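Structure first, then comments.
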Amino acid sequence: MRLHRSVLAKSSTRAMPRDKTLPKEKQLKFWKIIKGDSVMVITGKDRGKIGDVTEVLRSTNKVYVRGMNLVHKSVPKSKETPHGKLQKEMPIHISNVSLVDPSTKMPTKVKVRRFRNPETDIIEMRRYSTSTGKIIPKNIDTNYQKDWKDGPMDSTPDVVNKTSFESVPGVPPFPSDVMREIANRYKKTY
């Protein structure tokens, strides 16, 4: 029986040991693999298998890949673990996985380059596959939005879009005494 990390963390430290953080100089500064990416394990018992990154541990330079690096852990018998054993995913070091190119479904090296959007003139960093030169898009996790429901305290769209304040040039948005407090908030007044 496989349990979620949050359940394991509450049960005991034997089931979910604390990760040792690396010193700042050994932590990666630029990450090319993010949550939701498809990666291939290139070393270890799951070599050659493809899975999705479920969690990124930047403090230890490791990632959790769905269905990879599974181990059996012996824990005290309880309601959640009646047999005393549970199966869980262990983290994999970032050097032991390789990002999969979506067009070829093969592992590839990644280059990160600046891209200026000609319409909006915004500079953003994009990931490019070195083997094909195509863009590797970032997967945005929107699974949490499936549970969203409008409640009685939510604002309607027409109220949100309504303009509630219009500025007048030369007139401060607050009364002058409030503006003085904001400007001199660290100055002691007796």
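The values are calculated or read from the model by the stated rules, or taken from the named source; none is laboratory data. Just so we're clear, the structure is a prediction, and the values are computed from it rather than from any experiment. Cβ atoms come from the backbone with ideal geometry, glycine included; neighbour counts cover every protein chain shown. Areas reflect the complete protein model, heavy atoms only, side chains present, ligands, DNA and RNA absent. Shrake-Rupley method; radii C 1.70, N 1.55, O 1.52, S 1.80 Å.
Residues in segment 43-81 that are outside any strand (DSSP E or B), aliphatic (A, V, I, L, M) and either under 25 Å from Lys26 (Cβ atoms) or open to solvent by 40 Å² or more (accessible area, probe 1.4 Å) (or both): Met68 only.
Restricting to segment 102-136, name every residue that is part of a loop (DSSP other than H, G, I, E, B) and under 25 Å from Thr60 (Cα atoms). Within segment 102-136, Thr108, Lys109 meet the criteria. Here Ile140 fulfils each of the conditions (1) hydrophobic (A, V, I, L, M, F, W, C); (2) open to solvent by 100 Å² or more (accessible area, probe 1.4 Å); (3) farther than 23 Å from Pro102 by Cβ apart from (3). Ser78 satisfies every condition listed in (1) more than 29 Å from Leu57 (Cβ to Cβ); (2) more than 28 Å from the chain's Cα centre (by Cα) except (1).
The set of residues in segment 82-126 that are open to solvent by 70 Å² or more (accessible area, probe 1.4 Å) and either touching a residue at least 60 places away in the same chain (Cβ under 8 Å) or hydrophobic (A, V, I, L, M, F, W, C) (or both) comprises His83, Met106, Ile122, Ile123, Met125. Taken together, the criteria exclude Ile182 from residues that are aliphatic (A, V, I, L, M) and closer than 30 Å to Val39 by Cβ. Of all residues in segment 147-157, those that are open to solvent by 100 Å² or more (accessible area, probe 1.4 Å) and either within 17 Å of Thr54 (Cβ to Cβ) or assigned to a loop (DSSP other than H, G, I, E, B) (or both) total 5.
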